[in-house]
Every structure is written in C-alpha cells, then in structure tokens.
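Readers should treat all values here as calculations from the given coordinates under stated rules, not as data from a laboratory. This one's a predicted model, so the numbers in the text were calculated from it and none came from an experiment. Glycine also receives a Cβ, built like all others from the backbone with ideal geometry; neighbour counts cover every protein chain displayed.
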Amino acid sequence: MLQSLRPLLTRILNPIAQNLNINPNVVTVISPFVAVVAAYGFAKHMLILATLAILFSGFLDVMDGAIARYHGRASKFGAFLDSTMDRFADAIIYIGIIFGGYCDWFVGVLAIHSAITVSYVRSRAESQGAECNIGIAERAVRMIILMVGALVGHFLGDVYFTYIIYILVILSYITVAQRVLYVRRQLK
C-alpha cells in the first residue's frame, strides 16, 4: 500500500544514510528497545511519549535498510534480522497497550497474533516463490493508524483509542485473508 512512497523515501533517506556509515544491523537491533519506550508510554497512559517512540522506532526501521542499501551492506541476514526485530517491536508495543488497559487481554492477544500472522503469511508465501506485498494493513499502515489512534485517545479520550485497537485487529485479519487469497491465485 505504501510502496508508491518508496522513491520519495529513498530521496529523503539517502542523504541521511550517506552520513551514517554504521552497521545497519546495529540500527535494526535498537528498534525493539525504542518499542519498549512506546510500551512504557502506553502502560503509563503517556500517549504522546508512546506515539513519539513508535515514530522513532519506525524511522529506525526504514533507516537500517537505507543505510544497508546506500553502503552496499544489504544482506539476507539483515533482512531476516529486520523482520525478526519488527515482530518483537510489534509484540512489545501491544503488551504496553494491554498493560495500559486500553483493551482487554484477549483483544491484545488478537492484536499481537494478527500482526505477526500478517508478516508470517508474506514470509511463507515468498518461501514458496509467490509475491505477497499486498494488503490494506501492512506494518507501516498499522503503525500509522496506531500513532493516530493514540493521539486521538490523548486528545478525545481513551475509549477512542480502544476503538482503534479493535479496528486494527480487524484490518490485520482482513490483510491476512487478502494475502492468502492472493497467494492462492498465484500458486494454483
């Protein structure tokens, strides 16, 4: 869904990546620790802190790839590590949301499960030789919705943020279904 923004992001990120000649895997591993800050923000009802931490975590998530590509350090292990750290970050953020009481534990578990399943379906499809970068709620979209929802919750009340969590779960499972059907057509 956000694939069309890739050329714009590349033009913005390349000058930054040029000045950051560091191991991109180090940047990748930092991201879940920033997600801990977001989880803390959610757990303590500090929605602005949580939003800023998710934003910074997302920035790191795109920077590691930009650094790797710009400096010729892209690798299969780096892509694997990035995907793994993204799953950790997703789960950590939702755990903070559960601890903050923005949703009950069952909905929180569904949020974690659906987020992980969206990525798993893509990974499994690609291991079978199918393309699978479609869906209405890819990770970047989910993080944007989560940030907007947190801001809405901060300014209008927690209940609105709770509604966003429910919407995210539904959108994530719709994305899983979209991907499964898309891959089914390719592999038939």
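PRE reach from His45 (point 7 Å along Cα→Cβ): which of the range 140-174 fall under 17 Å by backbone N? Taking a point 7 Å out along Cα→Cβ of His45, the residues of the range 140-174 whose backbone N falls under 17 Å are 150-163. Quick note on the range 3-187: its Rg to Rh ratio, both from C-alpha atoms and Rh being the Kirkwood radius, is 0.98. Membrane-span-like helices in the chain, defined purely by DSSP H runs whose alpha carbon atoms cover 24 Å or more axially and whose average Kyte-Doolittle hydropathy reaches 1.0, are 24-43, 47-70, 139-156, 158-187. By the helix-only formula, in which each DSSP H run with n ≥ 4 contributes -39500 (n - 2.57) and the sum is divided by residues, the chain has a 222 nm mean residue ellipticity of -28000 deg cm²/dmol.
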